[in-house]
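The values are calculated or read from the model by the stated rules, or taken from the named source; none is laboratory data. Model, not experiment: these values are computed from the prediction. Positions of Cβ are backbone-derived with ideal geometry, glycine not excepted, and every protein chain shown enters the neighbour counts.
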Amino acid sequence: MIVYKFGGASVKDADGIRNIGNILSDVKKEVVTVVSAFGKTTNALEKVLELWFAGDIGYKNHLEEIFSYHLRIAGELFDTGSNVLEKIRELFVKLDDYLLTAKPEDYDFEYDQIVSYGEIWSTIIVAGYLVYTGHDVEWVDIRDCLITDDNYRDANILWGESLSRVRSRFGQGRKKIYVTQGFLGGTATGRATTLGREGSDYTAAVLANMLDAEMVIVWKDVPGILNADPQWLNDAVRLDEISYKEAVEMAFSGAKIIHPKTIKPLHNKNIPLYVKSFLNPSDSGTLVTQMAKASFTVPLFIKKENQMLISILPVDFSFVMGDNLGLIFHIFMTHRIKVNLVQASAVSINVCVDNEKQKIEKLINSLSRDYRVLYNEDVEILTVMRHTRESVARVVSGREILLEQKTRRVVRYVVKNLK
């Protein structure tokens, strides 16, 4: 068995779904196909949630646009009387009813109940199209298989509860192709959860681990893993092979090509990961494995945007290290805020985090009870792996450097653009 993952860019329109059908037509083995929400649907549903939570009935217009988008794609793939079209309508009515009757309370809980619809819609349409074109397909609701805790928006998979369910629903020779959702899970009580933004890669890796898959292929709109985002640096080149370790470093630093959690389930069973282009399926792409034949030699550039640099100082110039350090990070954990970079001195600690305004405001209020807190918004973390003087100068030129960390292999800067 192998596992495929198709992201939002590969299913943004009817032609993309037809292309998935062509790719799957060449598969000789059983394949689990993990599919994300169409295009920018997750972003659009987040907007619906934001407006609904604020009591703004304008959310209805956004929801109608999402509905029309899905019906338009489905209408290009199926006849007017298709049961797939009816299923999509029923699910939109179900979500609309929920938004009319539910009372917004916990933001993270509501996020998972609402945003999770994106993957359900997309997989119903993809699975329906594959059946329509003669493939041997089963649609699987991953919310019934990957059981998680109730840490909404960043749920943890309960492996003991999930393993038997996954193995009983996938494989067993029943079907050649299984279509399921990325990014989602479900609690034991039947509530939808999500595994963290862009978490479909992680879903594919978890299923591969549990099913002892031969390989995972993540299909992207780029020819593989590049040494830089081509929208940032236009001379980016493909890396033929990299190691699990290098992939983890890249993902943690903010490379968008792979979700940070993806590598561990694959590494645990030494399952190779291929990152390939759905635009050119025959190309070799990039192989991520335990022992890459030749590690990359070109510098690797990674930019993590929309960051906030928070400086925490004791009010009486006492040491930050020791007990204070533990208390500070406990506050971060309480507010469920992940730290992307940290640098400590005797009397201060500097932390870079994603600029999630709702959470950050509460965090700063908590920290300010015992510490003096300063912060810079709209900053970026720039990482250069295998750095040279020239490669560093290329990316920091024209930016104000607020913080620097450097080792023999990796250099990181927190920077702000000069105006």
Evaluate the following for E377: is it among the acidic types (D, E), without any contact (Cβ under 8 Å) to a residue 40 or more places away in the chain and surrounded by fewer than 19 Cβ atoms within 10 Å (Cβ to Cβ)?
no
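Yes or no, residue by residue, for (1) in a helix (DSSP H, G or I); (2) more than 17 Å from I120 (Cβ to Cβ); (3) touching a residue at least 40 places away in the same chain (Cβ under 8 Å); (4) acidic (D, E):
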residue: Y4; (1), (2), (3), (4): no, yes, yes, no
residue: G21; (1), (2), (3), (4): yes, yes, yes, no
residue: K29; (1), (2), (3), (4): no, yes, yes, no
residue: A37; (1), (2), (3), (4): no, no, yes, no
residue: E46; (1), (2), (3), (4): yes, no, yes, yes
residue: L51; (1), (2), (3), (4): yes, yes, no, no
residue: I57; (1), (2), (3), (4): no, yes, no, no
residue: N61; (1), (2), (3), (4): yes, yes, no, no
For segment 56-72, check the following and say yes or no: at least one residue is under 22 Å from V131 (Cβ atoms) and β-branched (V, I, T).
no
Taking M210 as meeting all but one of (1) farther than 30 Å from R409 by Cβ; (2) surrounded by fewer than 21 Cβ atoms within 10 Å (Cβ to Cβ), write down the number of the exception.
(2)
Just the residues that are touching a strand residue (DSSP E or B) at 6+ places or on another chain (Cβ under 7 Å) and closer than 9 Å to L195 by Cα, please, taken from segment 149-161.
Y152, R153, A155, N156, I157
Taking segment 274-286 and keeping residues assigned to a strand (DSSP E or B) and surrounded by 20 or more Cβ atoms within 10 Å (Cβ to Cβ) leaves V275, K276, T286
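Name every residue in segment 146-178 that is basic (K, R) and either in a loop (DSSP other than H, G, I, E, B) or in contact with a Cys (Cβ under 8 Å, 6 or more places away or on another chain) (or both), in order of residue number.
Within segment 146-178, R153, R165, R169, R174, K175, K176 meet the criteria.
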Only residues that are in a helix (DSSP H, G or I), of a type in the set (D, E, K, R) and exposed (fewer than 14 other Cβ atoms within 10 Å of the Cβ): list them for segment 90-130, please.
E90, K94, D97
Segment 251-282, residues that are modelled with pLDDT under 90 and of a type in the set (A, V, I, L, M)
A251, A255, I257, I258
When segment 22-43 is examined, which residues are found to be more than 20 Å from the chain's Cα centre (by Cα) and under 18 Å from V140 (Cβ atoms)?
L24, V27, K29, E30, V31
State yes or no: is T80 polar (S, T, N, Q) and either assigned to a loop (DSSP other than H, G, I, E, B) or modelled with pLDDT under 95 (or both)?
yes
Residues that are small (G, A, S) and without any contact (Cβ under 8 Å) to a residue 40 or more places away in the chain, drawn from segment 76-105:
G81, A102
Complete set of residues in segment 131-144 that are assigned to a loop (DSSP other than H, G, I, E, B) and among the charged types (D, E, K, R):
D136, D141
Considering each residue of segment 26-57, count those that are surrounded by 12 or more Cβ atoms within 10 Å (Cβ to Cβ) and small (G, A, S), and give that number.
4
Segment 390-419 residues that are part of a helix (DSSP H, G or I), paired with ones that are hydrophobic (A, V, I, L, M, F, W, C) (beta carbon under 7 Å, 6 or more apart):
S391/V384; V392/V384; V392/V411; V395/F301; V395/L382; V395/V384; V396/L382; V396/V415
Filter segment 74-109 for residues that are among the aromatic types (F, W, Y) and closer than 21 Å to E64 by Cβ; which is nearest to the chain's Cα centre (by Cα)?
F92
